[in-house]
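Just below is one structure, and these are the notes that go with it.
The values are calculated or read from the model by the stated rules, or taken from the named source; none is laboratory data. In this text, all values refer to a predicted model and were calculated from it rather than measured experimentally. When we count neighbours, we look across all protein chains shown, and the Cβ atoms used for this are built from the backbone with ideal geometry, even at glycine. Surface areas here come from the heavy atoms of the whole protein model, side chains and all, with no ligands, DNA or RNA. Shrake-Rupley method; radii C 1.70, N 1.55, O 1.52, S 1.80 Å.
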Amino acid sequence: MLPESASSLANHFLIAMPDMGDPNFGGAVVFLAEHGPKGALGLVINRPTDLDLGTLFERIDLSLSEPGQAREPVYYGGPVQRDRGFVLHRPVGHWNSTVTVSDEIGLTSSKDVLEAVAEGSGPEGMLVTLGYSGWGPGQLEDEIARNAWLTVPATAELIFDTPVDERFLGAFRLLGIDPTFLASSAGHA
């Protein structure tokens, strides 16, 4: 369990260590939107699915005002509630179910943000996921203690401006680390 005095990792990236055995998270960069004594919630930001925004919008009876957005991918946000959509966006905006993560990043789970996108008045940057990544009390802290994840403060640029295939290495670069130099397990001298 996260002690009251411990720092929240909200607005941080979790970077899966190269030997991550969980297929849900191997090679993943997770943006943590919430982290506290009750657990953590995040979205994988580097796993596009075969579903694109055009198809998703058709399924929810909306039309995109910008045809170029139709080819943008919908991302795998994590293994929890994979039939539910989440929109990570900048700026924060004022939608019904928005969690303000930072001064510039919000996470919305209500349809009104997608309706705004359809009308051409949505956020300037967004990443749409199906599902999320969740941890119960103390679970994430235990995984970090077992060296499953590295953490680094998040940047909006990595989420919204970096090509998806560069996000994993980009997250390591935020730490000043080349992941090819990381040992897959601790050794003994």
For this session: Report, by residue number, each residue of the stretch 26-36 that is open to solvent by 50 Å² or more (accessible area, probe 1.4 Å) and either more than 14 Å from the chain's Cα centre (by Cα) or at pLDDT below 95 (or both).
Result: none
Seminar exercise, completed: Of the candidates 27, 21, 68, the one satisfying the condition of being free of Cβ contacts under 8 Å to residues at least 24 places away in the same chain, over 16 Å from residue 123 (Cα atoms), not β-branched (Val, Ile, Thr) and not in a strand (DSSP E or B) is 21
For this session: Would you check if there is a residue in the stretch 174-182 being open to solvent by 20 Å² or more (accessible area, probe 1.4 Å), touching a residue at least 60 places away in the same chain (Cβ under 8 Å) and closer than 17 Å to residue 9 by Cβ?
Result: yes
For this session: Evaluate the stretch 125-140: report whether one residue or more is without any contact (Cβ under 8 Å) to a residue 24 or more places away in the chain, open to solvent by less than 20 Å² (accessible area, probe 1.4 Å) and within 26 Å of residue 7 (Cα to Cα).
Result: no
For this session: Might you let me know whether the stretch 115-123 holds any residue that is under 27 Å from residue 7 (Cα atoms) and either without any contact (Cβ under 8 Å) to a residue 12 or more places away in the chain or loosely packed, with under 13 Cβ neighbours inside 10 Å (or both)?
Result: no
Problem set entry | Selected residue (criterion: nearest to residue 135 (Cα to Cα)) from residues of the stretch 64-113 that are open to solvent by 90 Å² or more (accessible area, probe 1.4 Å) and touching a helix residue (DSSP H, G or I) at 6+ places or on another chain (Cβ under 6 Å) | 96
Exercise. Would the stretch 148-170 turn up any residue that is hydrophobic (A, V, I, L, M, F, W, C), surrounded by 21 or more Cβ atoms within 10 Å (Cβ to Cβ) and closer than 25 Å to residue 63 by Cα?
Worked result: yes
Problem set entry | Positions within the stretch 31-47 being farther than 12 Å from residue 131 by Cα and part of a strand (DSSP E or B), in sequence order | 31, 32, 33, 34, 35, 36, 39, 40
Problem set entry | Scan of the stretch 37-50 for residues that are within 17 Å of the chain's Cα centre (by Cα) and closer than 22 Å to residue 161 by Cα, ordered by number | 42, 43, 44, 45, 46, 47, 48, 49
Exercise. On the given criteria, is residue 161 charged (D, E, K, R), free of Cβ contacts under 8 Å to residues at least 12 places away in the same chain and on the phi < 0 side of the Ramachandran plot?
Worked result: no
For this session: Hey, can you tell me all the residues within the stretch 17-59 that are within 18 Å of residue 111 (Cα to Cα) and touching an Asp or Glu at 6+ places or on another chain (Cβ under 9 Å)?
Result: 52, 53, 54
Problem set entry | Residue list for the stretch 141-158, restricted to those being out of contact with any strand residue (DSSP E or B) (no Cβ under 9 Å at 6 or more places or on another chain) and either touching a residue at least 60 places away in the same chain (Cβ under 8 Å) or basic (Lys, Arg) (or both) | 146, 147
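The rows are residues; the columns are (1) under 23 Å from residue 61 (Cβ atoms); (2) under 18 Å from the mean Cα position of the chain (by Cα).
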{"site": "75", "(1), (2)": "yes, yes"}
{"site": "80", "(1), (2)": "no, yes"}
{"site": "85", "(1), (2)": "yes, yes"}
{"site": "103", "(1), (2)": "no, yes"}
{"site": "120", "(1), (2)": "yes, no"}
{"site": "124", "(1), (2)": "no, yes"}
{"site": "127", "(1), (2)": "yes, yes"}
{"site": "134", "(1), (2)": "no, yes"}
{"site": "140", "(1), (2)": "no, yes"}
